[in-house]
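J.: Just dropping this structure here.
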Amino acid sequence: MKTYEVFLKKAGKDEFRHAGALDAPDPDLALLLARECYSRRGEGDELWLVDRTDIVVAAVEDLAPNHDKPHRHNDGARVAARRRATREGTRS
Amino acid sequence: MTLQPAARPLVLALADDEHLVGARHTNWIGLGPFLEEDLAFCSIAQDELGHAIALYQLLLDTDDGAAVDGLALRRDDADYRSCWLAEWPADDWATALVRHWLYDLAEDLRWRNLVGSSQPELDALARRVLREEAFHLGHARQLLDRTMGSTAEATDRLTAALAELLPLVPGLWDPPADGDEADAVARGVVARSSAEVGHDHRLAVEAQLSDWGVRLPLSSSGPAQHGRTVRSPGFAVLHAALNEVIDLDPAARW
């Protein structure tokens with residue numbers, strides 16, 4: 001058995017979203033079982049299956065290298081204030 | 001009455017088959033060989049019960065749940081028109097799988113036989129059902145393709161299940177005793193007779209068994225079901241189980 005990650009997408013602009021995973025012996029049966037396990041109630045209009053072994057997985061320690069640098073976390077407030085000041089002609 | 005009299009016996013036979021096979025399939029809830037298959041098989045069971053309900057509603061000309069329950073569950077054994085293949089218990093997964101394949105192969109042909117029916121409700125229902133049937137049949141074939149010949153145990157168990165179930169196939173093509181099938185064909189309710197459709201089924205079973213390398217004789221006769229008027233040995237126990245909760249309080253409203 002292989003494990004497949006299941007992605008569903010609604011019609012329109014929504015992106016594909018991870019819906020879960022399933023076990024199946026091969027792609028054909030995986031598609032058939034995915035239909036039953038994940039799309040019986042119109043949860044999606046498109047479906048992707050990805051063999052879990054094909055996923056490139058990042059090392060946890062390599063992620064979020066800047067989480068302790070607050071200046072990297074711009075909430076936009078200062079830029080918004082600058083734009084407002086320019087619009088109102090009060091920018092110094 | 002929506003349905004013309006010529007259609008009623010055939011519709012009741014199909015409805016009872018869908019009901020009984022669906023009920024048998026539901027015995028596998030929680031017991032499927034792996035989670036995904038458990039969900040898929042029970043979903044197929046639900047589809048078959050859905051087909052039965054739609055047909056009972058046509059027969060009754062109402063969608064009232066109590067009326068549908070009454071027709072589906074409260075008849076005497078002799079008044080059912082299901083075939084033995086649909087009624088048969090399948091306590092081994094191999095038997096359940098083989099029955100699923102034999103039955104759905106037939107079911108697909110039977111609904112195709114209703115496409116273009118002179119009874120518009122049957123034509124419409126058949127077109128809707130066939131979208132599900134393509135999946136049911138694909139499911140049965142894919143699982144058997146992968147299990148037949150995979151290991152000696154799988155092949156032995158599936159072959160034993162085929163030997164047990166193949167003799168029940170002719171009874172599936174036994175038209176209901178209280179109908180006049182030739183009249184139904186003449187009126188365009190169905191396109192072809194059970195014998196003709198059953199012949200196609202036989203050819204399809206033969207071709208598939210040959211692909212799987214299974215050498216078993218196909219039966220041309222099995223246990224006499226006398227136009228679907230005789231119930232199989234396990235029917236009474238199943239029927240009692242289906243009525244167990246209603247019998248506690250037949251007047252209860254749900």
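Readers should treat all values here as calculations from the given coordinates under stated rules, not as data from a laboratory. What you see is a predicted model; the values in this text were computed from it and never measured. In this analysis, Cβ positions are derived from the backbone assuming ideal geometry, glycine residues included, and neighbour counts consider all displayed protein chains.
J.: Mind listing just one residue for me: the one in the range B:69-124 that is aliphatic (A, V, I, L, M) and in a loop (DSSP other than H, G, I, E, B) and, of those, surrounded by the most Cβ atoms within 10 Å (Cβ to Cβ)?
T.: Taking the range B:69-124 and keeping what is aliphatic (A, V, I, L, M), we get B:71-73, B:78, B:85-86, B:90, B:94, B:96-98, B:102, B:105-106, B:109, B:114-115, B:122, B:124.
With in a loop (DSSP other than H, G, I, E, B) added as a condition, the list becomes B:90, B:114-115.
On the way: B:ALA90: 20, B:LEU114: 24, B:VAL115: 16.
Top of the filtered list is B:LEU114.
J.: While we're here: Kindly check whether there is at least one residue in the range B:160-169 that is touching a Ser or Thr at 6+ places or on another chain (Cβ under 9 Å), of a type in the set (Asp, Glu) and either away from chain A (no Cβ under 14 Å) or farther than 29 Å from B:GLU37 by Cβ (or both).
T.: Within the range B:160-169, the first condition is being touching a Ser or Thr at 6+ places or on another chain (Cβ under 9 Å), and the residues that meet it are B:160-161, B:164-169.
So of that shortlist, the ones also of a type in the set (Asp, Glu) come out as B:164.
When the remaining residues are screened for being either away from chain A (no Cβ under 14 Å) or farther than 29 Å from B:GLU37 by Cβ (or both), the result is B:164.
Yes, that holds for at least one residue.
J.: Sticking with this structure for a sec: Mind counting the residues in the range B:180-214 that are among the hydroxyl-bearing types (Ser, Thr, Tyr) and either surrounded by 14 or more Cβ atoms within 10 Å (Cβ to Cβ) or within 15 Å of B:LEU114 (Cα to Cα) (or both)? Quick ask: steps written out before the conclusion?
T.: Let us first name the residues in the range B:180-214 that are among the hydroxyl-bearing types (Ser, Thr, Tyr), namely B:193-194, B:210.
With the extra rule that they be either surrounded by 14 or more Cβ atoms within 10 Å (Cβ to Cβ) or within 15 Å of B:LEU114 (Cα to Cα) (or both), the set shrinks to B:193-194.
Number of matching residues: 2.
J.: Can you name every residue in the range B:195-239 that is in contact with an Asp or Glu (Cβ under 8 Å, 6 or more places away or on another chain) and small (Gly, Ala, Ser)?
T.: Matches in the range B:195-239: B:GLY227, B:SER232, B:GLY234, B:ALA236.
J.: Can you tell me which of (1) in contact with a Pro (Cβ under 9 Å, 6 or more places away or on another chain); (2) within 14 Å of chain B (Cβ to nearest Cβ) is the one A:ASP51 doesn't meet?
T.: Going through (1) in contact with a Pro (Cβ under 9 Å, 6 or more places away or on another chain); (2) within 14 Å of chain B (Cβ to nearest Cβ) one by one, A:ASP51 breaks only (2).
J.: Could you check the range A:25-56 and list, in sequence order, the residues that are exposed (fewer than 15 other Cβ atoms within 10 Å of the Cβ) and free of Cβ contacts under 8 Å to residues at least 12 places away in the same chain?
T.: Hits for the range A:25-56 are A:ASP28, A:ARG40, A:ARG41, A:GLY42, A:ASP54, A:VAL56.
J.: Here are some residues: B:ASP104, B:ASP61, B:ASP38. Which one is of a type in the set (D, E, K, R), within 14 Å of another protein chain (Cβ to nearest Cβ), touching a Leu at 6+ places or on another chain (Cβ under 9 Å) and more than 25 Å from B:GLY198 (Cα to Cα)?
T.: Details: B:ASP104 fails: more than 25 Å from B:GLY198 (Cα to Cα); B:ASP61 fails: within 14 Å of another protein chain (Cβ to nearest Cβ).
That would be B:ASP38, the only listed residue that is of a type in the set (D, E, K, R), within 14 Å of another protein chain (Cβ to nearest Cβ), touching a Leu at 6+ places or on another chain (Cβ under 9 Å) and more than 25 Å from B:GLY198 (Cα to Cα).
J.: If you go through the range B:228-239 one residue at a time, do you hit one that is part of a loop (DSSP other than H, G, I, E, B), of a type in the set (D, E, K, R) and either touching a residue at least 24 places away in the same chain (Cβ under 8 Å) or crowded, with 18+ Cβ neighbours inside 10 Å (or both)?
T.: If we filter the range B:228-239 for residues that are part of a loop (DSSP other than H, G, I, E, B), which is where we start, we get B:228-234.
Then drop every residue that is not of a type in the set (D, E, K, R), which leaves B:228, B:231.
Next, only the ones that are either touching a residue at least 24 places away in the same chain (Cβ under 8 Å) or crowded, with 18+ Cβ neighbours inside 10 Å (or both) stay: B:228, B:231.
Yes, some residue in the range B:228-239 is part of a loop (DSSP other than H, G, I, E, B), of a type in the set (D, E, K, R) and either touching a residue at least 24 places away in the same chain (Cβ under 8 Å) or crowded, with 18+ Cβ neighbours inside 10 Å (or both).
J.: Of all residues in the range A:1-25, how many are at the interface with chain B (Cβ under 8 Å from one of its Cβ atoms) and either in a loop (DSSP other than H, G, I, E, B) or among the hydrophobic types (A, V, I, L, M, F, W, C) (or both)? Walk me through how you get there before you give the answer.
T.: Applying the first criterion (at the interface with chain B (Cβ under 8 Å from one of its Cβ atoms)) to the range A:1-25 yields A:1, A:22-25.
Restricting the remaining residues to those that are either in a loop (DSSP other than H, G, I, E, B) or among the hydrophobic types (A, V, I, L, M, F, W, C) (or both) gives A:1, A:22, A:24-25.
Looking only at that region, the number is 4.
J.: Additional query: For B:ARG112, state whether it is of a type in the set (Lys, Arg) and closer than 26 Å to B:ALA252 by Cβ. Spell out how you get there, then give the answer.
T.: Details: of a type in the set (Lys, Arg): yes; closer than 26 Å to B:ALA252 by Cβ: no.
No, not satisfied.
J.: When you scan the range A:3-24, how many residues do you find that are touching a residue at least 24 places away in the same chain (Cβ under 8 Å), loosely packed, with under 15 Cβ neighbours inside 10 Å and closer than 19 Å to A:THR53 by Cα?
T.: Count: 1.
J.: Here is a list of conditions, (1) assigned to a loop (DSSP other than H, G, I, E, B); (2) away from chain B (no Cβ under 14 Å), and A:GLU43 meets all of them except one; can you say which number that is?
T.: For A:GLU43, the exception is condition (2).
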